[in-house]
Amino acid sequence: MSRSDEQLFDDFLAGDEGSFALLVRRNLQSVYAFARRMVGDAAAAEDIAQEAFFRAWKHREKYRKSKAPVRTWLFGIARNAAIDWLRARRERVFTDFEEEDGTSFAETIPDLESLPEELFARIEAKEMLDRGLQSLPPAQREVVILHMQSDLTLEEVARALARPVNTVKSQYRRALKSLRSFFEKE
C-alpha cells in the first residue's frame, strides 16, 4: 500500500530519511514544473526546486498538519524560492542561449516522434501559453499555475499562498478573463 505524503513526512520526522527521499521523488516533477512556469527558465527552475526541497528538509519542524497538506506546504516553499530568484534576477541581465539565426537552443532539439507540422504547432501553442502566463500579474500567474498545472484545488492554492480563498478565486477568474483576451488578440 502506498503511503500518503503526510505519512511519509511523519516517518521522516520520526527519523526515516528514506521517506523524505520518496517524498521528493513523488513531488519533484510538479514542484519543478511550477517553478519553471513561474520564472520561465529551466535551469533556474531546477535550482528553485532543489532549494525548495532543501528548505523543507531544513525547516521540517515548522510544518504543521493543521495549516496545510505537505504538498501544499511544498508549493508554498517553492513559491517563496521562486520569488527570491525573481528578486535577485531584477538586478542582473541574462540572455537565453540563442543560435545565430535567433532561434533558441530548445527549438533546435529534434522530436523524432513528431512530424514537423505537429512540432511547430506544439511549440507555437506552448510559446503562446507562456507569453499569456507571463502577461498576467504575478499573483494571478501563480494561482493559475498552481491550480491548473500542479492540480491543487483553489482552497489548497489559497493555503499555499497564505491568501483568503475568495481572493484566490477572484484572482483565478481575472486571470482566465485576461488569458481569453490575450488569446483572442493573438
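Worth a mention:
- Scanning the range 25-52 for residues that are of a type outside the set (Gly, Ala, Ser) and within 9 Å of Ala78 (Cβ to Cβ) returns Val31, Tyr32, Phe34, Met38, Ile48, Glu51.
- Qualifying residue in the range 69-80 (condition: at pLDDT below 85, surrounded by 12 or more Cβ atoms within 10 Å (Cβ to Cβ) and outside any helix (DSSP H, G or I)): no
- First in the range 12-39 and surrounded by 21 or more Cβ atoms within 10 Å (Cβ to Cβ), second anywhere and polar (S, T, N, Q), Cβ under 7 Å, 6 or more apart: Phe12/Ser19; Phe34/Gln149; Phe34/Ser150; Arg37/Gln149
- Candidates in the range 152-171 are the residues that are of a type outside the set (S, T, N, Q) and surrounded by fewer than 14 Cβ atoms within 10 Å (Cβ to Cβ); of these, the one that is modelled with the highest pLDDT is Pro164.
- Hey, Arg37 among the charged types (D, E, K, R), within 24 Å of Pro137 (Cβ to Cβ) and assigned to a helix (DSSP H, G or I) or not: yes
- Where Glu6 falls short, out of the listed (1) modelled with pLDDT of 85 or more; (2) under 19 Å from Asp151 (Cβ atoms); (3) buried (at least 16 other Cβ atoms within 10 Å of the Cβ): (3)
- Whichever residue in the range 138-186 is part of a loop (DSSP other than H, G, I, E, B) and over 16 Å from the mean Cα position of the chain (by Cα) and, among such residues, is farthest from Pro69 (Cα to Cα): Glu186
- Residue in the range 172-186 that is nearest to Asn80 (Cα to Cα), counting only those that are touching a helix residue (DSSP H, G or I) at 6+ places or on another chain (Cβ under 7 Å) and surrounded by fewer than 15 Cβ atoms within 10 Å (Cβ to Cβ): Phe183
- Residue within the range 44-65 that is small (Gly, Ala, Ser), in contact (Cβ under 8 Å) with a residue 12 or more places away in the chain and part of a loop (DSSP other than H, G, I, E, B) present: no
Quick grid of which residues meet (1) acidic (Asp, Glu); (2) touching a Cys at 6+ places or on another chain (Cβ under 6 Å); (3) modelled with pLDDT under 90; (4) under 20 Å from Glu156 (Cβ atoms):
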residue	(1), (2), (3), (4)
Met1	no, no, yes, no
Gly15	no, no, yes, no
Leu28	no, no, no, yes
Gln50	no, no, no, no
Lys62	no, no, yes, yes
Ser104	no, no, yes, no
Ile109	no, no, yes, no
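The values are calculated or read from the model by the stated rules, or taken from the named source; none is laboratory data. In this text the structure is predicted, and so the values were computed from the model without any measurement. Reconstructed Cβ throughout: ideal geometry from the backbone, glycine too, with neighbour counts over all protein chains shown.
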